[in-house]
Every structure is written in structure tokens, then in C-alpha cells.
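Worksheet: one structure, shown below.
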Amino acid sequence: MMKKTLAFLLGFAGLALLPAFAVAEAEDESAPAPTPDLAATVPVTAADPTERLFDGNCNSRVRFGAEEGLTVAVPDGAAALRLLWYETPVGAQVFVRDAAGKTLSAKFIEDKYETLIPLEEGSASLEIDASAETILAEIVPLTAEEAADYYEFADPLAVGKTDVMLFCARPGDELTVFGTLVPTLSDAGRSVLTVFMSHLNRQQLQEALDTARAMRQPFEPLFLGKTYTTLSHLRWAKRGKIWDHNKTEREFVALLRQYKPTVVVSYAPADEEEESMRRYTAELLNEAVAESGNPRRQGAITKLYGAHTVQKVYLAGGPAPKKRGKYDKSTPTPPPLADLTIASDTPLANFGGVSAKAFADGLLDAYGTLKILKPSVPGALQLWLTATDVGADATGANNMFDRIPWSTLTKDLVTYPAPKATPTPVPTAEPVATPKPTPVPTAAPTPEPTATPVPKSALEKTAETLANLPVSLWCIAGGGVLLAVLLLVLLRKKGAWMLTALVPVALAGTMFFVLLDREGGMEAFEPEPEPVVTPTPAPTATPEPTPEATPEPEPEPTPAPDPDDVYFRQPGEPEEIVVQKPEEGYWSYRSDTLSVEINAHNEPENTLVYYVAHIRMRGYDQFRPGFGNENMQGSAKTAPWKLARRASAVLAITGDNLVNTEQWLKGNLIRNGILYHAGTRQPTMALCPDMTIRIYAPETDVNEILDAGIQNTYAFGPALVRDGQIAEKECNEHRVKSYNPRCGLGMVEPGHYVAIVVDGRQKGYSMGVTLTEYAQMFINEGCTIAYNMDGGISSGMFFMGEAVHQHHSSKSKKSSGQRPWADALLFGYSELVPTETDPVYNTGNLDEKKDPLADD
């Protein structure tokens, strides 16, 4: 009770602090801050460039010099790290250290795109020292099971030979052209070395490496780094300028002599409609095979590697047709029958028994950079023996190594994936029914006598309750008495004592009701009822336990439908839905991955006509850059409708004219990861891998853009919209700010772009718009960011190979005639797009426009 008395006295001094105590108590009762989920956090800050090493994008990269080095924390749970180099390192030393800095392992690496670093227990960091500038693309943590299944490619030079050398124009052809060839050879234990003439970017190179490893090729593919392009048969004569014929032939001879293949496989030299670079690869190979076996040819290469004679050359598609004279009227000789057929339904014993076609289909699905082209694996592959040093294949042999001694082939180079162990179920004995025990009657227990409690009086209860009141209430009571005294002293008037007396009375009432609440209300003052003796019930037999029913599993919640689904192909519809209603000013395209919807707008009161295309993509691969010619130099130009048709583009809009003219007035020009021009005169628009649009400041270092993995930028300028607002300063100060035809691109949200093309310089029809008016158009369509492309007579929009927009006359090139394009932005790929040899009805010039019905 002494504590309560002391608390009452302390309440006099603590009255003014009661509000503060109340606040402190409220804070103490608040829920503690949640502990962050460390597994869900990024191990590096946004400012740390090493985060790019874990972004799953091999086009992004981290570069470091010999004096800098690179240190990265080892992710939790990793049993090994797979290092993917952006470029093969000249020489790099990799150290794994523990938390104390002790070196656990070290490995020297050079001339490889991939490296596996096993991790010991306690590994905390990875440190890389290099002798020259080194570029790392990705670090992939592997689990123990993944690390066990991983194997590093063997060195073909150390082996000294390879069974088959496959020459491909680009990654993906090893499946889309040669089908099940490599899986079938690997399943038979034969070693294959693939040579790729070109590749699109580092990501596609990695896809080719992953495919080779999945097919258990023992050697890392070779990448020659030639220009990645397609060549129409209409421009076959230009092939030597694209890959430099003489230089490439010497490279082929060096490869054949260096890696010493027994058999070589490539394409047919026959004409192909749109893939003449494959035909060109076969032409170069045929010349190189003849040179390789002659020690007198390519003397410098002979000194390095010696001569090498290829035993057999097989081509997919047959030998080149015999050239016929101008006046040769004889019947052409039919092509010979195939010498070798690779079946597609052969079960692969070392790959789980799956058919070769199904296995190849699964590998092709992993080629993300090819999805826009909708590739497929062919059925049975036919090969023709076009050159041999061991004689023709025996009739019906159907054996690539017929007449070749087995002792000359490689041994034990192919390692197959370990079969997944299927657990054998342990047999369990059938349950035997357990007999029910006979219940034994139990005598009822006699209850022990208990003392009858004596009820307490109300006064005793009240005293006990007051003694148990919390200290805080006694403090309040003491403070209330102090307040009453203060009021009495301050007022000093007749009758003031009555007002003052209300304070303690109120406090007493408060304590009284608290007392009631603690004792259960007014019932605390009612007399206790007499205790009633309840007889003990007789025991009853315990019922048999009923087995609990297994609860039904709750169904997984159905994900909410994507509101954008309505813009794409619906179930039951054709793979591609194309609608063209030019008379109504409406065009649309829908597939599973792309939606394009174009509406024409005509405002006669403003003498204005423009076209708005809403582009919705389900993947960044639905966009690609277009070029005026196949060598992708960025300077040559062609008619826009031809450019769109060569690329089979669903939608094509004007680019920035690349390096054709006035590149010194632009920003950073990048296409397919290749830098064409580093400029600082305009901001640079980047189409990012996450399908966002970003605008970089003019002074941005181009390496910052490239290192972020960005493959394509446009830099005509200016920026039109930033953060949903017109970029007024840039629009008002740009050199093309007045009324003009326009072309530009904006973004509503990631993957949802808006392209707007404005007709102009046509009196009485459409005069064009200023840059400020143009920016407002993008805001009206919901864009938060927008950028201006090349306009004027370059502006244009082509849908399925036909112009949507209108220029006035092909004869008025300087005022309103469609200008040829050096580049373009392309969206989608469709084989429904006409070829450039098909009729064209709208080239973009009004005087060339034709009625499609006139051909019927």
C-alpha cells in the first residue's frame, strides 16, 4: 500500500506530463517494423553496375580494366557460378575467397565464352583480375544438381580433329535447316563442331552455346562475327561486298586445316528466295575445301597448320545445278537422289528415348531471339554427297561415315546427361484389422469433500479492488486533487469551492466505474448465491475414434485476366488476324504476341490528317531495326515499301535516317548493339529490353547505354514528352519546330507504344503540325514519354507492306514526295506481308496510288 500512497503523491507533480505519457504508451503499443525479406532484396544497389551481372540479359555487361579488377559477392545457396563473358578474355585470373579473404580456389581463363567456377563451403566473394580490359556479361548461380550436370567444352585443338564440321550462316540454322542432324550424331557418339558466320548479338550467341551444350556437342561453337544479314536472290551479285569474299575464303581454309574435320556439312548452293547468305556460305565452303587439301595453296596457313583433306562434303538441298548456255534447249537433268537421309522420328537413346524431332523442337523454343520469325524444325533431312576423297557411298548405306575407317574418328568425347533416377516404391504390408477391446466397467470415483467458501462482503471486495488498482489510476487521482486545490486558490470567490469540488467527485466516479468494470459491474455488490452441490455423473464408455476426413485441397485462385488480352488473338481465331479498311481509315493486326491498331484522323477545319497506331507487344522481340540495304551500313537508302516487305514487317515507321545525312546533328546511334555514331547534339531515345522507352541526355557516355544492354537507339530528336508533360523548351528551340509532316514514337506503359504520322505540306489537305502541337497529340493518346523521328518527306507508316499515309507527288521530291529510307522501326513479322516482287498499291505517293480491285 506504500507504493500506491507514493504514486498518489507523485501524481501532484506528474499531472502536466500525462499527455506525454499517453503518447509514449501509444508508441510502445504500435506494431514493430516488419523484418525485410532478405531473399527478395537485390544484393546490390541500383547505382552498382554489377547488378547487370544477374539480370538474365547477356547483352548487358560490366567492363573493368587491368588495374581495377572486379569483386562480386557469392549468392547464397550457389554450388557453382557460371561466368558468361561478353567477349572472350585475353587472360583473366578468377579467385574465390572466404569472408576472411582467404583464397579457396583460383582459375586462369582465356579464349572462352563460358567458365564454370565450383564453390567450396564458406565461399563469400568472387574476384577477377585481368591483364587487359575485360567485359563480363552475366553470372549464373547453379545449384549442386545443375553444377553436376554442367560440363565444359573440350578444346578441339588439343583433341586434334573433329568428326563433323557444320557451317551455318547464323545461329538457329543448326535446327531450322539441319533439323535433327546434330542430335542424331551426338546420340551416336560423334563429335560435331559448329561454325556460325554471324550472330545478332551476345544474347543470341549465348542461345547458340546453350543449344550446343544441350545437344552434348563436345566443342564450343566458333563465331566468325560477320555482318548479320539476309540477302535476297535479287541482290546476289552484292554478296562479296558484304562478307569480303577473299578474306572469308582464307578464314575457311584456316578453319579446315586447324580443326581437321573428317566430314563437312553445309547448305545447298541452289538459289533460295530470301536466304542467299546460306547459299553464299556453301559457295565459300566449296572453294575452301578445294584449297585446304593443296599444300601449295595459302602458303602462310600451310606453315601454321599444314594441309588437310576433307574426306566428305555433304550439302542439304543437293548440288549446284549445272550452268546452261544461253541457247541450250535441252531438257534439264533432274537432280540426283539424296545420298543420306536423317530421319526425324528416330528415338534418341541417350536423351531419354525422346524422338529427334521432339528434342530439336524443344531446343528451338529456347531461341528467344528467333521467336519473331516463327521458326520450325523440318522433318527428315536429305543430304547430298558433293565431294569425296574415299569414294561414293554404298547404295543404301545411309551412313555419313561409310567407307571411313572408324579408327580415324574421335572416341569418348560426347558425355550424355545422367538419367533421372526414378524412386522405387517401397512395398507396404496390407493393414490388418485390429480387434476392438472389450470395455471394462469402471467404478465411479468418490469425490473428495471440499470446504464451502465463505462469501466476502461488499466492503471487503471494494478494499481488495482498490488495492489492486493500477499505479496509473492512483497517479490520476493524485493529479486530480492537485488540480482541485489549484482551482480553489486561483478562483478565491464565493461559490468557487463548489466548482472545485466537482473535480475530485468526477475522479472518484471514474475510479468507481473502473472498479465496477474490473469486478463485473453491479453484480459485484449483489450477495453470493448459495453453492449448489452437483452430483458427479456416471462414466460412459469412450466411443471409437472416427477417422478424420481428408480436407479437400483449396483450388488455386484464378489469376485476374489481363485487360489487354482483348487486343490480341482470341481462342479459336486464326494465328494472325489482319483487317484493312482504308476507306474507313482503319487497319489492325492481331496475333498471340502483337497487336497493331491504326486509325486515321481527318480534321478539315484544321487542314490536318494524321494516323495513330497503338502497338501492344508481349515481348521485346516484336521490335527490330530496319535497314536500307542488306549490309546494314546505315547509309544506303531504298523505297520504304521495299524495306518493309523485305523484312516481312507488320508495321514500319520512319527512323532517324541513321548515318545517311546529318549524323553530326544527332545523338548516339546504335543498332543491334553496334555503335554507328556517338553524338551529343540531341537526346537519345532507347528502346529498352523491358519494353520501356528511355530518353538519355545528350552528354550521356555511349558506353553507359551499351553497358546497360540496350541494343537500339534513335537520335533525330527532340524529346516531345517527358513525365507526361510537353518538353516545351526542346520543342520550341529545335530547328524543325514549325509546321511539317511528322513521325514519332511514344509510350503509354511498357510494351504499349504509340506511333503517330502526320501528313503535311499539302495545301487544302494537310499542312502538318508544329512540334508543340505534335507533342500534345501523344499526351492525348495517354503517352508519358514521346520522341520525334525524322519527318518531312521522310515521314511514313507502312502496314503489311502498303503505305497508310500520303505524300502528294513522286515528282515533287523537295516538297511532298516520299523520300527513300536508310532505316526504319519495324514491329512484328508475318509471312502474309507481300514480297517486293508482288504488286504494290500504295507507295506513299498519291500519284502512284493504285486501286487493288483494278487487278481483278
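The values are calculated or read from the model by the stated rules, or taken from the named source; none is laboratory data. Bear in mind that the values here come from a model prediction, so they are computed numbers and not experimental data. Heads up, the Cβs are rebuilt from the backbone with ideal geometry, glycines too, and the neighbour counts pull from every protein chain shown. Just the protein is used for accessible areas: all its heavy atoms, side chains included, with ligands, DNA and RNA removed. Shrake-Rupley method; radii C 1.70, N 1.55, O 1.52, S 1.80 Å.
Tabulated results
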quantity: Whichever residue in the range 572-587 is touching a Phe, Trp or Tyr at 6+ places or on another chain (Cβ under 9 Å) and of a type outside the set (Lys, Arg) and, among such residues, is surrounded by the most Cβ atoms within 10 Å (Cβ to Cβ); calculated: TRP587
quantity: Search result, residues across the range 582-608 that are free of Cβ contacts under 8 Å to residues at least 12 places away in the same chain, in contact with a strand residue (DSSP E or B) (Cβ under 8 Å, 6 or more places away or on another chain) and over 22 Å from SER830 (Cβ atoms); calculated: GLU603
quantity: Total residues in the range 790-837, condition in a helix (DSSP H, G or I) and either under 21 Å from LEU771 (Cα atoms) or among the hydrophobic types (A, V, I, L, M, F, W, C) (or both); calculated: 6
quantity: Strands (runs of 3 or more DSSP E) (entirely within the range 628-722) containing at least 2 residues that are over 18 Å from PHE827 (Cα atoms), open to solvent by 40 Å² or more (accessible area, probe 1.4 Å) and not hydroxyl-bearing (Ser, Thr, Tyr); calculated: 674-677
quantity: Filter result (farther than 21 Å from GLY368 by Cβ and touching a helix residue (DSSP H, G or I) at 6+ places or on another chain (Cβ under 9 Å)) within the range 53-72; calculated: VAL62, ARG63, LEU70, THR71, VAL72
quantity: Count - residues of the range 390-402 that are modelled with pLDDT of 90 or more and more than 48 Å from the chain's Cα centre (by Cα); calculated: 4
quantity: Number of the condition not met by LEU222 [criteria: (1) open to solvent by 30 Å² or more (accessible area, probe 1.4 Å); (2) at pLDDT below 95; (3) within 36 Å of the chain's Cα centre (by Cα)]; calculated: (2)
quantity: Flag for ALA524 being at pLDDT below 60 and either farther than 28 Å from TYR367 by Cβ or in contact with a Phe, Trp or Tyr (Cβ under 7 Å, 6 or more places away or on another chain) (or both); calculated: yes
quantity: Tabulated pairs, the range 249-269, first surrounded by fewer than 20 Cβ atoms within 10 Å (Cβ to Cβ), second of a type in the set (Val, Ile, Thr) and modelled with pLDDT under 95, C-beta under 8 angstrom, 6+ apart or interchain; calculated: ARG250/ILE301; ALA254/ILE301
quantity: LEU193 under 20 Å from ASP412 (Cβ atoms) and part of a strand (DSSP E or B); calculated: yes
quantity: Some residue of the range 357-376 being among the acidic types (Asp, Glu), open to solvent by less than 80 Å² (accessible area, probe 1.4 Å) and at pLDDT below 80; calculated: no
quantity: Within the range 123-135, tally of residues that are out of contact with any Phe, Trp or Tyr (no Cβ under 8 Å at 6 or more places or on another chain) and modelled with pLDDT of 95 or more; calculated: 3
quantity: Search result, residues across the range 299-315 that are open to solvent by 40 Å² or more (accessible area, probe 1.4 Å) and touching a Pro at 6+ places or on another chain (Cβ under 6 Å); calculated: ALA307
quantity: Qualifying residue in the range 827-842 (condition: under 24 Å from THR661 (Cα atoms) and of a type outside the set (D, E, K, R)); calculated: no
quantity: Top-ranked residue of the range 838-856 - restricted to ones that are charged (D, E, K, R) and not in a loop (DSSP other than H, G, I, E, B), ranked as modelled with the lowest pLDDT; calculated: ASP855
quantity: Flag if GLN622 is under 26 Å from ASN672 (Cα atoms) and either among the aromatic types (Phe, Trp, Tyr) or within 24 Å of the chain's Cα centre (by Cα) (or both); calculated: yes
quantity: Test: residue in the range 273-291 that is outside any helix (DSSP H, G or I), modelled with pLDDT of 85 or more and open to solvent by less than 60 Å² (accessible area, probe 1.4 Å); calculated: no
quantity: Subset of the range 180-198 that is surrounded by fewer than 24 Cβ atoms within 10 Å (Cβ to Cβ) and touching a Leu at 6+ places or on another chain (Cβ under 6 Å) - its residue that is nearest to ARG278 (Cα to Cα); calculated: VAL195
